[in-house]
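A.B. asks: This is the structure I have questions about; it appears just below.
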Amino acid sequence: MPDKEITIASNRKARFEYEISETIEAGIVLAGTEVKACRSNKVNIEEAYAKIIDGEIYVIGMNISLYEMGNRFNHETHRQRKLLLHKQEIKRLTGKLKERGFTLVPLKMYFKNGKVKILMGLGKGKAKYDKRKAIQKRDLDREMQREWRNR
């Protein structure tokens, strides 16, 4: 049986802002009310990034809104959340992140077999002229699609 993926949140802006060279799937440590908030798609990963702290990788800036039915046991919305990766992967990413300009950004958050996973992208920030080229290419592709539809 194939793995069933249900998307919670995606960061469409990340592929525009960064040149993504590779992707890594990781588990994420969440509290119970955070998982319930994820089930109702109350997650924002647009401003998030990952950082290595004491040999462990944490996602910073991710917003998981409060769960309405959670009372005093509700979670903090902007806390650092630990990513679950193997030691070898963390060591390899540490070396890559020390290189100038590389950042680890979340691309997508989803449920896979009942567990919350996050797809992280190792990317280098794009310059302004690269972003303009991307916009021009996107506009040209749209015009070509319109022409093909109109014929």
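Any read-out appearing in this document is the output of simple, stated calculations on the displayed coordinates, not a laboratory observation. Model, not experiment: these values are computed from the prediction. Cβ coordinates were reconstructed from backbone atoms using ideal geometry, including for glycine residues, and neighbour counts include every protein chain displayed.
A.B. asks: Just from its helices, what would the mean residue ellipticity at 222 nm be for the chain, if runs of 4 or more DSSP H residues each count -39500 (n - 2.57) and the sum is divided by every residue, rounded to the nearest 500 deg cm²/dmol?
C.D. replies: So the calculated ellipticity at 222 nm is -10000 deg cm²/dmol.
A.B. asks: Placing unit charges on C-beta atoms (Lys and Arg positive, Asp and Glu negative, everything else neutral), compute the dipole magnitude of the chain about its Cα centre in debye, rounded to 20.
C.D. replies: Result for the chain is approximately 340 debye, rounded to the nearest 20.
A.B. asks: Now a separate question. Find, among the chymotrypsin sites (Phe, Trp or Tyr not before Pro) in region 1-94, those assigned to loop by DSSP (not H, G, I, E, B) with at most 16 other beta-carbon atoms within 10 angstrom.
C.D. replies: Phe73
A.B. asks: Also, I was wondering about something else. Obtain the nm distance between the two label points defined at Lys126 and Glu143 by a simple spin-label model: each point lies 7 Å from its Cα along the Cα-to-C-beta direction.
C.D. replies: 1.8 nm
A.B. asks: For Ile28, Ile135, Ile45, Ile90, what ranking results if the residue with the fewest other Cβ atoms within 10 Å of its Cβ goes first?
C.D. replies: Values: Ile28 21, Ile135 11, Ile45 24, Ile90 15.
The fewest-first ordering by Cβ neighbours comes to Ile135, Ile90, Ile28, Ile45.
A.B. asks: Here is a follow-up. When only alpha-carbon atoms count, how far does region 7-125 stretch along each of its three principal axes, as whole angstroms with the largest first?
C.D. replies: Principal-axis extents of region 7-125 (Cα, largest first): 44, 30, 26 Å.
A.B. asks: Given H placed on each backbone N at 1.01 Å, which residues far from Ile8 in sequence or on other chains put an amide H within less than 5 Å of it?
C.D. replies: Amide H neighbours of Ile8, under 5 Å, 5+ apart: Met109, Tyr110, Phe111.
A.B. asks: Any chance you could run the full-extension gain for Arg92 through Ile6? It's 0.36 nm times the residue separation minus the Cα-Cα distance, nm to one decimal.
C.D. replies: Residue separation times 0.36 nm, minus the Cα-Cα distance, leaves 28.1 nm.
A.B. asks: For region 107-113, take each phi angle, set θ = phi - 60°, evaluate the Karplus expression 6.51 cos²θ - 1.76 cosθ + 1.60, and give the result in whole Hz per residue in order, putting x for glycine and proline.
C.D. replies: So the J values, rounded to whole Hz, are 9, 7, 10, 7, 8, 9, 6.
A.B. asks: Return Val29, Val116 ranked ascending by Cβ neighbour count within 10 Å, so the fewest neighbours appear first. Intermediate values should be presented prior to the final figure.
C.D. replies: On the way: Val29 13, Val116 19.
Ordered from fewest to most neighbouring Cβ atoms within 10 Å, Val29, Val116 come out as Val29, Val116.
A.B. asks: Kindly provide the trypsin sites (Lys or Arg not before Pro) of region 1-84 that DSSP labels as loop, not H, G, I, E or B, and whose Cβ sees at most 11 other Cβ atoms within 10 Å.
C.D. replies: Details: sites: Lys4, Arg12, Lys13, Arg15, Lys36, Arg39, Lys42, Lys51, Arg72, Arg79, Arg81, Lys82; in loops: Lys4, Lys42, Arg72, Arg79.
Answer by residue number: Lys4, Arg72.
A.B. asks: Computed FRET efficiency, Cβ-Cβ of Ala134 and Glu68, R0 35 Å: what is it to the nearest 0.05?
C.D. replies: 0.35
A.B. asks: Moving to a separate point now. Once you put a point 7 Å from the Cα of Glu17 and another 7 Å from the Cα of Lys51, both along the Cβ direction, what distance in nm separates them?
C.D. replies: Each label point is offset 7 Å from its Cα along the Cβ direction, giving 1.5 nm.
A.B. asks: Taking 24 Å as the cut-off for C-alpha to C-alpha distance, list the pairs among Lys42/Lys131; Lys36/Lys124; Lys98/Lys126; Lys98/Lys133; Lys36/Lys87 that go past it.
C.D. replies: Result: Lys42/Lys131; Lys36/Lys124; Lys98/Lys133; Lys36/Lys87 exceed 24 Å.
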